[in-house]
1. Hey, got a sec? Which chymotrypsin sites (Phe, Trp or Tyr not before Pro) in the stretch 177-210 land in a DSSP loop and have at most 11 other Cβ atoms within 10 Å?
2. Could you tell me which residue out of 85, 184, 154 lies farthest along the dipole of the stretch 66-212 toward its positive end? Charges go on the beta carbon: Lys and Arg +1, Asp and Glu -1, centred on the Cα centre.
3. Which of the peptides 157-166, 67-76, 192-201 is most tightly packed, and how do the rest follow, going by the mean number of other Cβ atoms within 10 Å of each residue?
4. Taking 25 Å as the cut-off for C-alpha to C-alpha distance, list the pairs among 133/202; 139/202; 76/107; 133/181 that go past it.
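Bear in mind that the values in this text are calculations on the coordinates, not laboratory data. The structure presented is a predicted model; accordingly, all values stated were derived computationally and were not measured. Cβ placement follows ideal geometry from the backbone for every residue including glycine, while neighbour counts extend to all protein chains displayed.
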Amino acid sequence: CIDRWRQWDEFGRALQWQSWHPVDLVDSESKILQEAINNFQSEYEKTDHLYTQMLQKNVSNVSALLARANNAFALKNSKDIVDLIDHVETLDSAEASQKQDFLTLLKGMLHELQDEAVEAFNVYETIASPALKHIALKKMLPIAMTLKDFDAALIVLERLCQISLEYMVSYADLLGLLGNKKAAIEVLMMYLGQFPDRPSVKNKLAQYYIDE
């Protein structure tokens with residue numbers, strides 16, 4: 001497991017594994033598991049100001065087109081999305097990869113409008129540009145929840161947590177919903193370590209302790 005967690009930066013999965021496998025481990029196994037948990041906590045103790053600045057700068061280059069796409073998506077207007085795809089394909093761009101990712105985002109929206117949820121999820125998954133990855137992940141989460149693929153939803157939420165610590169509360173909520181209250185408590189404690197003045201989160205944590 002540790003190799004996969006390291007490969008995908010999903011060390012929070014160690015908390016889930018620990019909750020689902022309450023067994024005694026030999027020293028070497030315990031050390032590996034603790035390393036994964038420590039890496040997870042360390043990741044969320046980092047500030048994300050640099051990432052946020054980069055996100056705002058890059059998104060501004062396509063903000064008008066994205067606004068049009070969001071409007072068409074809200075109106076379930078597939079034709080406008082298709083027209084946008086055709087238009088973007090004709091544009092010159094100094095950032096070819098970002099242009100391709102934006103096209104991929106539009107194609108994912110089109111799949112959603114065509115009730116092709118799995119295809120949309122898989123398309124969004126391929127987006128790599130930090131400026132658009134956040135948008136893609138936010139679209140992937142409700143798809144995973146609708147499909148009741150809670151394992152995928154946890155992975156999406158963990159990646160969202162790497163973008164903004166605010167998603168840690170939703171991550172904990174899903175862990176709790178799946179019965180992993182111990183892991184949910186640990187995530188909320190990490191969150192409160194960064195944002196101690198959040199009464200609603202403190203109340204949520206207290207309720208988990210009561211339920212435990």
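1. Listed in order of number, the matching sites amount to none.
2. The residue sitting most towards the positive pole is 184.
3. For the peptides 157-166, 67-76, 192-201, the packing ranking is 157-166, 67-76, 192-201.
4. Cα-Cα > 25 Å for 133/202; 139/202; 133/181; rest within.
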